[in-house]
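Participant: Below is a structure I'd like to ask you about.
The values are calculated or read from the model by the stated rules, or taken from the named source; none is laboratory data. It should be emphasised that the depicted structure is a prediction, and the values quoted were computed from it without experimental measurement. When we count neighbours, we look across all protein chains shown, and the Cβ atoms used for this are built from the backbone with ideal geometry, even at glycine. Each accessible area value is taken on the protein alone, full model and side chains, heavy atoms only, with ligands, DNA and RNA left out. Shrake-Rupley method; radii C 1.70, N 1.55, O 1.52, S 1.80 Å.
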Amino acid sequence: HVQLVESGGGSVQAGGSLRLSCVMSGYAYTSACLAWFRQVPGKEREGVAAIDSDTVTTRYADSVKGRFTISLDNPANTVYLQLNSLNPEDTAMYYCGAGFVLPNRCVGGSFLPAWWGEGTQVTVS
């Protein structure tokens with residue numbers, strides 16, 4: 001009964017910003033890994049960012065380092081992705097995911113969530 005719901009997507013001009021939100025219900029953000037992925041039709045899904053709830057360590061794809069920031073609001077069971085300096089290459093469906101793995105796996109680049117949201121579209125023109 002764990003559910004993730006994303007919001008905050010939309011259409012922006014190049015150089016603009018968006019903040020995506022993902023609210024988790026059914027389980028609290030404790031000993032959890034939270035991550036954002038994105039996918040464009042015809043391309044493989046890409047891991048964008050991940051954060052471990054215990055250590056609060058993070059990782060980012062090289063393509064978004066310095067522009068995107070992942071963060072947690074534990075009391076609200078919400079994970080955010082702040083997207084700055086957007087360019088058309090960032091256009092994609094963005095998904096949040098959650099799972100329960102050790103921190104090293106969470107931020108090691110190999111994390112696959114057990115639960116997924118339905119996604120929110122980001123379009124940059």
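Participant: In Å, what is the Rg of the alpha-carbon atoms in the chain, and how long is Dmax?
Facilitator: 13.4, 38
Participant: Loop only per DSSP, at most 16 neighbouring Cβ atoms within 10 Å: give me the trypsin sites (Lys or Arg not before Pro) in segment 46-125, ordered by residue number. Before the final figure, lay out the partial values.
Facilitator: Values: sites: Arg59, Lys65, Arg67, Arg105; in loops: Lys65, Arg67.
Within segment 46-125, the qualifying trypsin sites (Lys or Arg not before Pro) (loop, at most 16 other Cβ atoms within 10 Å) are Lys65, Arg67.
Participant: OK, next. In segment 1-48, which chymotrypsin sites (Phe, Trp or Tyr not before Pro) fall in coil by DSSP and have 16 or fewer other Cβ atoms within 10 Å? List each step's numbers first, then the result.
Facilitator: Values: sites: Tyr27, Tyr29, Trp36, Phe37; in loops: Tyr27, Tyr29.
Loop-located and lightly packed - Tyr27.
Participant: Grab the other residues whose beta carbon is less than 10 angstrom from that of Ala32, score K and R as +1, D and E as -1, and report the net.
Facilitator: Details: positive: none; negative: Asp52, Asp54.
The answer is -2.
Participant: Over all directions, how big on average is the projection of the convex hull of the alpha-carbon atoms in segment 71-120, in square nanometres?
Facilitator: Numbers: hull surface 18.3 nm².
One quarter of the hull surface, i.e. the mean projection, equals 4.6 nm².
Participant: So, one more: Just to be sure I understand: with springs between alpha-carbon atoms less than 10 Å apart, which residue in Gly99, Gly16, Gly26 has the highest mean-square fluctuation in the Gaussian network model of the chain?
Facilitator: Per the Cα network of the chain with a 10 Å cutoff, Gly26 tops the list.
Participant: Further question on the same structure: Could you compute the net charge surrounding Gly10? Neighbours are other residues with a C-beta less than 14 Å from the C-beta of Gly10; K and R count +1, D and E count -1. Kindly include the intermediate steps, with their values, before the conclusion.
Facilitator: Values: positive: Arg19; negative: Glu6, Asp90.
Around Gly10, the surrounding residues sum to -1.
Participant: Right, next: Net charge within 13 Å of Thr91 by Cβ-Cβ distance, Lys/Arg positive one each and Asp/Glu negative one each, not counting Thr91 itself?
Facilitator: Values: positive: Arg38, Lys43; negative: Glu46, Glu89, Asp90.
Here the charged neighbours net out to -1.
Participant: Measuring with a 1.4 Å probe in the full set of protein chains, what accessible area per residue, in whole Å², belongs to the chain?
Facilitator: Numbers: 6320 Å² over 125 residues.
So the chain comes to 51 Å² accessible per residue, rounded to a whole number.
Participant: Longest exposed-loop-site-free stretch of the chain, with GluC sites (Glu not before Pro), DSSP loop and at most 14 other Cβ within 10 Å? Write down the numbers at each step before the final one.
Facilitator: On the way: sites that count: Glu44, Glu118.
For GluC sites (Glu not before Pro) (loop position, at most 14 other Cβ atoms within 10 Å), the longest site-free span of the chain is 45-117.
Participant: Normalized C-alpha radius of gyration of segment 16-71, against 2.2 N^0.38 Å?
Facilitator: On the way: Rg = 12.5 Å, N = 56, 2.2 N^0.38 = 10.2 Å.
Normalised by 2.2 N^0.38 Å, the Cα Rg of segment 16-71 equals 1.23.
Participant: From Cα pairs below 8 angstrom and at least 6 apart in sequence, can you work out the relative contact order of the chain, rounded to a whole percent? Display every interim value, and only then the final one.
Facilitator: On the way: 317 pairs, mean separation 44.7, N = 125.
Once divided by the residue count of the chain, the mean separation gives 36 percent.
Participant: Over segment 40-125, with every protein chain in place, what whole percent of the accessible area is carbon and sulfur at 1.4 Å, could you tell me?
Facilitator: Numbers: 2230 of 4490 Å².
Answer for segment 40-125 is 50 percent, counting heavy atoms of protein chains only.
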